[in-house]
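Written below as structure tokens is the structure these notes are about.
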Amino acid sequence: MNQYASTATLKPLSIIDLAAMKQRCEKISCLTAYDAGFSALIDKVGVDVMLVGDSLGMVIQGHDTTLPVTIRDMVYHTRCVSNARQRAFIIADLPFMTYSTTVIAAKNAAKLMQIGGAQMVKLEGPRIECVRFLVDQGIPVCGHLGLLPQSINQLGGYKVQGKEKAAAEKLLADAHELQQAGAGLLVLECVPAALAKEISLQLTIPVIGIGAGVDCDGQVLVLYDMLNIGTIKRPRFSRNFMTGAANIEEAISAYHQAVKQALFPTAEHSF
Ligand code: KIV
């Protein structure tokens, strides 16, 4: 038994549970996690979803972008997180260039699930064929639209996406296509709150926002941003939950409660 294992038997949440939360208008709380210690704490507080994000390339490894992150890194960190999890649903990112073809994507997604213990994989962009192929193999997929950090060299910076009418229409159409291809969740990053609200209303799958306003079905933040760890400038859409908290557990709990009660994000954290 590892040091995080407990005799309490909590059943891990499934994608069906998350879909049911959307149905009953219960907000879904999500945080990134990269190791067993934080995984145990986040899980204990009751956060619904842990995302092993390739943001680890920036906050753990100290790179300027997420591009250097490898599938090996992702499998390692996903295993660390899943070793300490009891209840939270675990999503792991497919890093840059690990889903360049459907077969490569399936091979890498299998590693995240079989070795890492992920329940779902996330990939960036409207990669419809890839999503369909993975879902056909029984691999649950989370889409990611809006600001795509793996395409930072094409986007030219970390900017709000979907501001112009044509871009907003394309985002909405891409979201529908991802859902039709079988995606079970969608992350929307840095998009105007009104657009994110419309997408969340139109889709039947849960939409998790980051910098996308309060009307998404759930929220995710990068753990290190909301705990104010590190020297990377916190993005405007995040909040330092350590303010007013006695310790890390209280800060994570304050975030979880704020998401559940739709008190975060406010207009100050939205576009
Ligand atoms: O890698 C990550 O942490 C993410 C979130 C920003 C959604 O993809």
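For region 156-180, name all the residues that are at pLDDT below 95 and not basic (Lys, Arg). First the steps, then the outcome.
Quick first cut of region 156-180, residues at pLDDT below 95 only: 156-159.
Scanning region 156-180 gives Gly156, Gly157, Tyr158.
Against the condition within 27 Å of Ala212 (Cα to Cα) and not in a loop (DSSP other than H, G, I, E, B), how does His63 come out, does it pass? Steps first, please.
Numbers: within 27 Å of Ala212 (Cα to Cα): yes; not in a loop (DSSP other than H, G, I, E, B): no.
The answer is no for His63.
I'd like the full set of residues that are touching a Ser or Thr at 6+ places or on another chain (Cβ under 9 Å) and surrounded by fewer than 24 Cβ atoms within 10 Å (Cβ to Cβ), limited to region 95-107.
Phe96, Thr98, Ile104, Lys107
Taking Thr65 as meeting all but one of (1) in contact (Cβ under 8 Å) with a residue 12 or more places away in the chain; (2) surrounded by fewer than 23 Cβ atoms within 10 Å (Cβ to Cβ); (3) more than 14 Å from the ligand (Cβ to nearest atom), write down the number of the exception.
Here Thr65 meets the rest and fails (3).
So, in region 216-227, exactly how many residues are of a type outside the set (A, V, I, L, M) and either in a loop (DSSP other than H, G, I, E, B) or on the phi > 0 side of the Ramachandran plot (or both)?
If we filter region 216-227 for residues that are of a type outside the set (A, V, I, L, M), which is where we start, we get 216-219, 224-225.
Adding the requirement that they be either in a loop (DSSP other than H, G, I, E, B) or on the phi > 0 side of the Ramachandran plot (or both) leaves 216-217.
Selection size over region 216-227: 2.
Provide a single number: the residues in region 191-206 that are buried (at least 23 other Cβ atoms within 10 Å of the Cβ) and assigned to a loop (DSSP other than H, G, I, E, B).
Count: 2.
Assuming Ala88 fulfils every condition listed in (1) out of contact with any Gly (no Cβ under 8 Å at 6 or more places or on another chain); (2) exposed (fewer than 15 other Cβ atoms within 10 Å of the Cβ) apart from one, which condition is it?
If we test Ala88 against (1) out of contact with any Gly (no Cβ under 8 Å at 6 or more places or on another chain); (2) exposed (fewer than 15 other Cβ atoms within 10 Å of the Cβ), just (2) comes out false.
Could you list, ordered by first residue, the pairs with Cβ atoms under 7 Å in which the first is in region 215-239 and more than 11 Å from Val259 (Cβ to Cβ) and polar (S, T, N, Q) and the second is within 12 Å of the ligand (Cβ to nearest atom) and in a strand (DSSP E or B), at least 6 apart or interchain?
Ser238/Leu221
Just to verify a result, which residue in region 45-60, among those that are more than 9 Å from the ligand (Cβ to nearest atom) and closer than 30 Å to Tyr158 by Cα, is most open to solvent (accessible area, probe 1.4 Å)? Please lay out each step first, then the result.
Within region 45-60, the subset more than 9 Å from the ligand (Cβ to nearest atom) is 45-50, 60.
Now narrow it down to the ones that are closer than 30 Å to Tyr158 by Cα: 47-50, 60.
Details: Val47: 0, Asp48: 1, Val49: 3, Met50: 0, Ile60: 68 Å².
By that ranking, first place goes to Ile60.
Looking at Leu147, Leu178, can you tell me which residue is open to solvent by less than 70 Å² (accessible area, probe 1.4 Å), of a type in the set (A, V, I, L, M) and without any contact (Cβ under 8 Å) to a residue 60 or more places away in the chain? I'd like the intermediate steps shown before the answer.
Working: Leu147 fails: without any contact (Cβ under 8 Å) to a residue 60 or more places away in the chain.
The match here is Leu178.
Going by what's in this entry, would Val121 be described as open to solvent by less than 50 Å² (accessible area, probe 1.4 Å), more than 23 Å from Ser238 (Cβ to Cβ), within 16 Å of the ligand (Cβ to nearest atom) and not in a helix (DSSP H, G or I)?
The answer is yes for Val121.
So the check is Cβ under 9 Å with 6+ separation or different chains; which pairs have a first residue in region 29-44 that's among the acidic types (Asp, Glu) and open to solvent by 10 Å² or more (accessible area, probe 1.4 Å) and a second one that's modelled with pLDDT of 95 or more and assigned to a loop (DSSP other than H, G, I, E, B)?
Within 9 Å, the pairs are Asp35/Ile60; Asp35/Ala84; Asp43/Ala33; Asp43/Ala84; Asp43/Arg85; Asp43/Gln86; Asp43/Arg87; Asp43/Ala88.
Tell me the residue from Gly213, Gly230, Gly244, Gly209 that is crowded, with 18+ Cβ neighbours inside 10 Å, on the phi > 0 side of the Ramachandran plot and not in a helix (DSSP H, G or I), please.
Selected residue: Gly213, the only one of Gly213, Gly230, Gly244, Gly209 that is crowded, with 18+ Cβ neighbours inside 10 Å, on the phi > 0 side of the Ramachandran plot and not in a helix (DSSP H, G or I).
The values are calculated or read from the model by the stated rules, or taken from the named source; none is laboratory data. All figures in this text were calculated on a predicted structure; none of them were measured in a lab. Quick reminder, even Gly has a Cβ in these numbers, built from the backbone with ideal geometry, and neighbours come from all protein chains shown. What goes into the accessible areas is simple: the full protein's heavy atoms, side chains included, and nothing from ligands, DNA or RNA. Shrake-Rupley method; radii C 1.70, N 1.55, O 1.52, S 1.80 Å.
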